[in-house]
Each structure stands twice: as C-alpha cells, then as structure tokens.
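Read-outs: derived from the displayed coordinates by stated rules, not from any lab. Just so it is clear, the model here is predicted, and its values are computed rather than measured. Counting neighbours? That spans all protein chains shown, and the Cβs are built from the backbone with ideal geometry, glycine included.
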Amino acid sequence: MLNSLSNRAHYPCLSNYNYLNQASLGLIGEPAVQAMTDFLHNTARFGNLKMSDQEEIEFFDPLRENAAKLLNTTKEKIAIIGSSSEMLSQLPLIFKPKANSKILVVSSDFPAITRPWISYSKHNNCKINFIDEIPCESLTDTIIKNIDSETAVVAISLVQFSTGTRINPYKLREATKNVGAKLILDATQAAGAMPIESDNYNADVIVCSGYKWLGGHGGVGIAAISNEFLKKDPVMAGWMGASNPFDMQPKKLLYAKDARKFTQSTMSYISIKGLEIAIKEVIDLNLETIKTHSQKLATILANGIKESKWQPYRSINDKCASSHIISLESQSAGTARTLEKLKKENIVCGTRNNRLRVSIAHFNNETDIMSLVEALF
C-alpha cells in the first residue's frame, strides 16, 4: 500500500472525498489555514496597532525567501505579485516585439498566457503562431521546428494544464537563444509537484500562481526574473515597487533595484502568509520525493485502467508526460456522464477539452487511485 507523503488529517475533506483535482482549486492544508487565521485574528484586524510601516515592508521577505528555495534562485530575483496574469499581461508591453515578428504560443495552452500576446499583436502587427499539440510527438520539438529568425517570443506553460504534457525548458532556451527570442514560462501547473530549476532554465521570466500544488489561496503569485529582465521597468508602476514604499515622493518614479519593483500595491496579506507556510511544507517534503510519489501513483492508475474504456492522452512512460496531471480519454464513455458518476461516488476530478483530468498531490494515496480505477469500469 502506497501511503500519502503528508498528513491527510490536515485536509478534512479527505475523510469523505477522494480529491484528485489539485490542478484546479487545490486543497489547502491545515498549517497554511492556521497561519492565515492567526494572521487575521492577531494582526490584520488591528491595523497599524500590530503592523508598522516597516513591518509591512518586511512582511514579504519570508515568502520571497521560501519562493527562492522552491524555484532554485535568489530572493533578489523573486517578485511577489497579485497573480500570474498580473505579470503575464505586462510582458508584451515590456518586451515590445517589433512589427512583423513572430510570437509562438500553444493553441491549447491556458488563456492567461496567450491572450496578452493576441491583444498586443492586434495593435502592433505581430504574427501569432499557434502551435498544435500532437499526442504522439514532442511538444518541445514541435515548437523548436517553428522557431526562426523572425521569432521574437516563445510563451508557454512548463506543464500543459489540460494534458499534463511537459516541455523541455533547456532545449527550448537553447533554441530561442540562437535567434535572440525571449522565453516566458508559466510554472503554475508544475511548481509544488516537481522540481523547478529557474536559474538553470535561464528563461526571461517564470511566473506561478500561488495555489494548486503550492497549497496557497488566491490573491498572490510569484515570479522568478532573469538578470536581464531585472533591467526592465514595470509597465504598471505601483507604489509598493520602490525600495522604501513609505518614502512617498509622488513626483518621482522610484523602483527597487531587484524584483521587488514588480510588486504593485497592498495585496492579500492573508494569502501571502498562507503561501509562505504552504511552500515551506512542500520544500520540507522534498520536490523530488513528491515527483516520485506521483509517478508511482500514476503507474498504478495506468496499469489499473488498461482493460477499461479509458486511456491516457500520453503514455505515462512518454518522456513528455508529467505524472501529476494525467489526462484520460475514451472513444465510447461519455466524459460528462462519467464525471457525474464520479461525483456521486465522492471522487473529485476535473474535465478539460472533453477529457478527464486526474491530478495527483502529495496527500493522495493508493486507495484514492484504486477507487478511481474501480469507478472507471
């Protein structure tokens, strides 16, 4: 029997539900919930009685330090942002691709990644190239085949939200570097489920929402920024982006010299506190251990459904497949009907692009997987 890595008692719903939907709204563990509750009751509700201006500035530091460990970079390169979309929406106006240059995105990727570039190209005569994912081919190699001297930007998720397909950031960085193109990665469906080597990837920007496998709540995200990108200024100039935000000089445009310049304003401090604790938990569990755990459970799932009507979009042995997002498809079983059946049996999965999406987290165990296997027959 393969047990969970973390304490299932920290997730009260697991006593009644089989939760395999961390790729959507992820479960939040008790340590993070307690940290948020304590902050609300012991600090936030008392205003400046319990938080001075200096303490408010320093409040971001523990999260930046934990995020740097998670993403394997330095805290000077970590920006605390309101969401991935907040950063992604600025990037076209910061990088400013020239007219007639090409922007490569994946046609089935998450809209927060593609839409800012579609909007930019509409007003700046850039060409958007939508790359289709083909299940029997490497998505990385398909993208690389489309990179040429006209390519200015490649923007893509590290793990595709609907299929679980992983890209190879090392190969993609080499290809973009050869033509001088920018590389933007969204790690929202990867961080907390597998190791992220930001400095080694050498992408221009890596963004990540603060929930799903990170175990936080909405209202906060993180970004790892390259040394080259740190030379850029934000498009949205917020007051909190200065070295000393409370040195309020409204006639001057003041920016911190590190990634703090991209923090806009007063944020969801409750979510920041929760994410700080949640990230520490996944670091303590060890990202490589978490990845191995999901691989073992994914293997149990794949073996269990061999004789069923369902099959993985990509074989779990495919080097492009992730083990924490398994997309299942069927020629004969109705996806919507199957999802309703699973709900009645208290099994929570998701659906994306008319496929079942099973997402595995550190709190899942073999019983969770076998319950799903039995329900799919």
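The residues Tyr201, Tyr17, Tyr11, when put in order of fewest to most other Cβ atoms within 10 Å, stand as Tyr17, Tyr11, Tyr201. Over 18 Å apart at the Cα level, from the set Lys280/Lys319; Lys231/Lys251; Lys212/Lys319; Lys96/Lys127; Lys291/Lys344, are Lys280/Lys319; Lys231/Lys251; Lys212/Lys319; Lys291/Lys344.
Backbone geometry of region 221-238 corresponds, through the Karplus equation with coefficients 6.51, -1.76 and 1.60 at θ = phi - 60°, to 3J(HN,Hα) couplings of x, 9, 9, 9, 10, 6, 4, 5, 5, 4, 6, 7, 9, x, 7, 8, 8, x Hz, x marking Gly and Pro.
Between Leu2 and Glu366, the built amide H atoms are under 5 Å apart, and every one of these is 5 or more places off in sequence or on another chain. Annotation: extensible slack from Asp318 through Ile94 equals 77.0 nm (criterion: 0.36 nm per residue apart, minus Cα-Cα distance). When the convex hull of its Cα atoms is viewed from all sides, the chain shows a mean projected area of 19.3 nm². In this simple spin-label model, placing a label point 7 Å from the Cα along the Cα-to-Cβ direction at both Lys122 and Leu25 gives a separation of 2.9 nm.
Shape analysis of region 1-102 yields a ratio of the Cα radius of gyration to the Kirkwood radius, Rg/Rh, of 1.09. For Asn146 and Asn244, a Förster radius of 51 Å and the Cβ-Cβ distance give a FRET efficiency of 0.65, rounded to the nearest 0.05.
Each peptide in 128-134, 263-269, 215-221, 26-32 was scored by the mean count of other Cβ atoms within 10 Å over its residues; highest first, the order is 215-221, 26-32, 263-269, 128-134. The 3J(HN,Hα) values that the Karplus relation (6.51, -1.76, 1.60; θ = phi - 60°) gives for region 327-338 are, in residue order, 9, 10, 10, 8, 7, 10, 7, x, 5, 5, 5, 5 Hz. Gly and Pro appear as x. Mean projection of the Cα convex hull over all viewing directions, computed for region 313-377: 4.7 nm². Gyration tensor analysis over the Cα atoms of region 118-173 returns equivalent ellipsoid semi-axes of 22, 13, 10 Å (largest first, whole Å). Taking the Cα centre of each part, how many Å lie between region 111-166 and region 268-317? First find each Cα centre; the distance between them is then 25 Å. Of the beta bridges in the chain, as assigned by DSSP with both residues counted there, near 50 percent are antiparallel.
Look at Lys182, Lys98, Lys251, Lys171 and count the other Cβ atoms within 10 Å of each Cβ; fewest to most, that gives Lys251, Lys98, Lys171, Lys182. The fewest-to-most ranking of Met87, Met370, Met36, Met248 by surrounding Cβ atoms within 10 Å reads Met248, Met370, Met36, Met87. Phi-derived couplings, Karplus 6.51 cos²θ - 1.76 cosθ + 1.60 at θ = phi - 60°, listed residue by residue for region 73-81: 8, 9, 5, 5, 9, 9, 9, 9, 10 Hz, with x used for Gly and Pro.
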